[in-house]
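S.K.: Starting off with a structure, shown below.
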Amino acid sequence: MSRRKVTVAVTGLNNIDSPGPGIPVIRGIRESADLDARIIGLAYEHLEPGIYMKDLVDKTYMIPYPAEGKDALFERLMEIHSKEALDIIIPNFDAELFSFIKLEKKLAEAGIKTYLPSIQQFEERNKSNLSAYGDKYGITVPRGTEVFSIQDMNNTLRSMNYPVMVKGKYYDAYTAHSFEQAASYFEKLTAKWGFPVIIQEYIRGTEVNIVALGDGEGNLIACVPMRKQYITDKGKAWGGITIDDDSLHQLARKIFSLTKWKGGMELELIRSSSNELYLIEINPRIPAWVYLAVGAGQNIPEALVKLTLGIDVKPFTRYDVGKMFVRYSYDMIVDLELFSRLTTTGEL
C-alpha cells in the first residue's frame, strides 16, 4: 500500500529551554507508516533551532509575528503556498491561533486545510475565563482573577493567601510569596505578553498533564496522561512519565464530550493533598512533550494530519504506562552562510 503524499507546514520550531511543539509534532509525522510528508517550517525568529534540522524540516520560511495581524500572515502564507502547494498547516503557539482560526475559511478556499477549534471554543478556555469555564462544565478549578494594573492586583491579593500564581496572558507562570514578588512578576509578564495578568489561587499537590485530541464531534481520539518528573525554572517539563489514572481519562472525556473540541489540547492539572483534581490551565494546542505520547503508542501528530485530510481515525484504546521522556540539549554546527541567506531572503 503506497503512502499518502502530503505537504505539511508547521510552526513552533524554537526547540529551546522553553520549547515549542513543532519539532516533536514533526517527529511524529515523520514516523508515520501511512504518510509521506514534506515538512515546511514556519519560523518567527532566525535562530529557531528547528530551521537548521535538515533531517526533519525540508524547507523553512519566515512569517510575520502575530502582532502584525491576520492580513499580513495570510499574504505571506499565500506567497509560501504559491511555491510549496501546502496541503495542511499545523499552528503550535497560543498567540498565533486566533489569526489562524480567523483565516480558516480563506485558507480552505486556497486549498490549505487546518484542524482547529472555533473562536468560541478557543476563548472560553482562556486563562482569564477559567473560573466561568469550571462553572459551565462542572469542573473544579482554582480561584482566579485577571488584573490590569498594580492597583488591581493589590486589591485582588488582599482577599487571597500567599503563595499565589501569577500568570501571563499566553505563557509563563510564577509563584509569588509576597506582594513585592507578585508586582515584579506582573511587570515582567506585561512587558512580554501584555494585559491581562492572571492571579490564581495556589494549589499544593502533584502536577499531572494530559495531551489529547478531539474530532470536533465530542469524541476523544487520543489521550495520554503523564506526571512531570523534572521541571525547569520556567515550569516546563524536562522529564515525565506516562501514568494510568482513570479519573484523568474521565475528565478528558467529559471536557471533549461537552465542548466538542476540535484538534489538540493540553490539560494542566494538580492532584491536591486531599486527592482532589484541579484543572489549572487548558492549552489549546498540542504540547511540546507530545513525543512521549508517540513513544507510548499514540501517534497524535499523525492522527491529527489524518483527521485534517478527512481520513477516518479510530480512537486509540491503549498506551504504554511507565514510559518516560528525558529532554536534552545539544549543539548544532551551522554555517553562517545559511543564517545570512535566511536573513536576506526569508527562506532556507
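The numbers here are math on the coordinates, done by the rules we state, and not lab data. Keep in mind the model is a prediction, meaning the values are calculated, not measured. No Cβ is skipped: glycine too gets one built from the backbone with ideal geometry, and neighbour counts run over all protein chains shown.
S.K.: Quick one: net charge around PRO91, please, counting Lys, Arg +1 and Asp, Glu -1 for every other residue with C-beta under 13 Å from its C-beta.
M.R.: Counting the neighbours of PRO91, the net charge comes to +1.
S.K.: From the backbone phi of region 140-148, what are the Karplus-calculated ³J(HN,Hα) couplings (6.51 cos²θ - 1.76 cosθ + 1.60, θ = phi - 60°) in whole Hz, Gly and Pro given as x?
M.R.: Coupling constants for region 140-148: 6, 10, x, 5, x, 9, 8, 10, 10 Hz.
S.K.: Calculate for the chain the 222 nm mean residue ellipticity that helices alone would give, adding -39,500 (n - 2.57) per DSSP H run of length 4 or more and normalising by residue count, nearest 500 deg cm²/dmol.
M.R.: It lands at -9500 deg cm²/dmol.
S.K.: Find the Rg to Rh ratio for the chain, where Rh is the Kirkwood radius over alpha-carbon pairs and Rg uses the same atoms.
M.R.: Rg divided by Rh gives 0.96.
S.K.: Output the direction-averaged projected area (hull surface divided by four) of the convex hull of the alpha-carbon atoms of region 74-119, in nm².
M.R.: Value for region 74-119: 3.0 nm².
S.K.: Shifting gears a bit: Calculate how large, on average over all directions, the projected area of the Cα convex hull of region 254-348 is; give the answer in nm² to one decimal.
M.R.: Average projection, Cα convex hull of region 254-348: 10.5 nm².
S.K.: Here is a follow-up. Compute the distance from the alpha-carbon center of region 21-55 to that of region 215-263, in whole Å.
M.R.: Cα centroid to Cα centroid, the span is 23 Å.
S.K.: Would you mind giving the average projected area, over all directions, of the Cα convex hull of region 143-201 in nm² with one decimal?
M.R.: 3.2 nm²
S.K.: Related question: For region 209-216, in order, what is each residue's ³J(HN,Hα) by Karplus, 6.51 cos²θ - 1.76 cosθ + 1.60 with θ = phi - 60°, in whole Hz (x at glycine and Pro)?
M.R.: 10, 10, 9, 9, 9, x, 9, x
S.K.: Quick query: amide H of ILE90 versus all other amide H atoms, modeled in the peptide plane; which residues come in under 5 Å with a sequence gap of 5 or more or a different chain?
M.R.: Placed amide hydrogens put ALA9, VAL10, THR11 under 5 Å from ILE90.
S.K.: Could I ask something else about it? With the contact rule set at Cα under 8 Å and sequence spacing of 6 or more, what percent relative contact order holds for the chain?
M.R.: The value is 17 percent.
S.K.: Could you list log10 I(q)/I(0) for region 1-92 at q = 0.21 Å⁻¹, which the Debye formula gives when each Cα is one point scatterer?
M.R.: Those come out to -1.03, one per q.
S.K.: Can you give the alpha-carbon Rg of region 204-326 over 2.2 N^0.38 Å, where N counts its residues?
M.R.: Taking the Cα Rg and dividing by 2.2 N^0.38 Å, one obtains 1.01.
S.K.: Tell me the GluC sites (Glu not before Pro) within region 1-77 that lie in a loop according to DSSP and have at most 14 other beta-carbon atoms within 10 Å.
M.R.: Passing sites in region 1-77 are GLU31, GLU45.
S.K.: A further question on this structure: If each residue's Cβ is checked for other Cβ atoms within 10 Å, how do THR259, THR343 rank with the fewest at the top?
M.R.: Result, fewest neighbours first: THR343, THR259.
S.K.: Could you list LYS59, LYS314, LYS169 so that the one with the fewest beta carbons within 10 Å of its beta carbon is first and the one with the most is last?
M.R.: The order, fewest Cβ neighbours first, is LYS314, LYS59, LYS169.
S.K.: Here is a follow-up. With an 8 Å Cα cut-off and a minimum separation of 6 or more residues, compute the relative contact order for region 204-326 in percent.
M.R.: Computed value for region 204-326: 31 percent relative contact order.
S.K.: Kindly flag which residue pairs out of LYS113/LYS228; LYS228/LYS314; LYS192/LYS254; LYS70/LYS228; LYS113/LYS169; LYS188/LYS306 have an alpha-carbon separation exceeding 30 Å in this structure.
M.R.: LYS113/LYS228; LYS192/LYS254; LYS70/LYS228; LYS188/LYS306
S.K.: Moving to a separate point now. In whole Hz and in residue order, list the ³J(HN,Hα) couplings for region 17-28 that follow from phi through the Karplus curve 6.51 cos²θ - 1.76 cosθ + 1.60, θ = phi - 60°; x for Gly and Pro.
M.R.: Each residue of region 17-28 in turn: 5, 10, x, x, x, x, 5, x, 4, 4, 4, x Hz.
S.K.: Give, in nm to one decimal, the length gained when the segment between ILE119 and ALA33 is fully stretched (0.36 nm per residue of separation minus the Cα-Cα distance).
M.R.: Stretched fully, the ILE119-ALA33 segment lengthens by 27.6 nm.
S.K.: Taking 0.36 nm per residue of separation and subtracting the Cα-Cα distance, what length does fully extending LYS254 through SER272 add?
M.R.: Between LYS254 and SER272, full extension yields an extra 4.5 nm.
S.K.: Here is a further query. Starting from 0.36 nm per residue, how many nanometres of slack lie between TYR137 and LEU336 once their C-alpha separation is accounted for?
M.R.: Full extension from TYR137 to LEU336 adds 66.4 nm.
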